[in-house]
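Notes follow once the structure below has been shown.
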């Protein structure tokens, strides 16, 4: 009986040790190897990733027959955040995120944003506010230094032409 308890304690110790090692290296805020921006400029400021505010021109546009506008636009540094039992760590992965939020459309169909070079902007609903849509795209150092980006607002994937939005920072 004493040997059984000793073996069980040793196995439990090994399991705890492995759990600590795995959690130290692999628990992340997103899929391993991917980084995500903060959900708002305030969160970016708190996380110390905020760089500057961006400005949209025009600030309002028509989509699905409704007037829409960007709530906020900002640029932040791209970082990879890893969490473990011993705290979190952040690693600068180079480049920037250009981020903006807008109100969720009534018909629950998001609009599409494409960068001037044809790259699609990533869309996600923010979990902190289910009534807002968040968009972001990665910027290289050269794109950031240009202090300018052009987007096209498209109602859906079938459209080829849309309203142009210029972002400056």
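Residue 105 meets all of the listed conditions (1) part of a strand (DSSP E or B); (2) modelled with pLDDT under 85; (3) over 19 Å from the mean Cα position of the chain (by Cα) but one, namely (1).
Take the conditions (1) modelled with pLDDT of 80 or more; (2) on the phi > 0 side of the Ramachandran plot; residue 71 misses just one of them, which is (2).
Residues in region 131-169 that are assigned to a loop (DSSP other than H, G, I, E, B) and over 18 Å from residue 73 (Cα atoms): 8 in all. In a residue-by-residue description of region 79-96, the property of being more than 24 Å from residue 35 (Cα to Cα), more than 17 Å from the chain's Cα centre (by Cα) and modelled with pLDDT under 75 applies to no position.
The values are calculated or read from the model by the stated rules, or taken from the named source; none is laboratory data. Predicted, not measured: the structure shown is a model, and the values here were computed from it.
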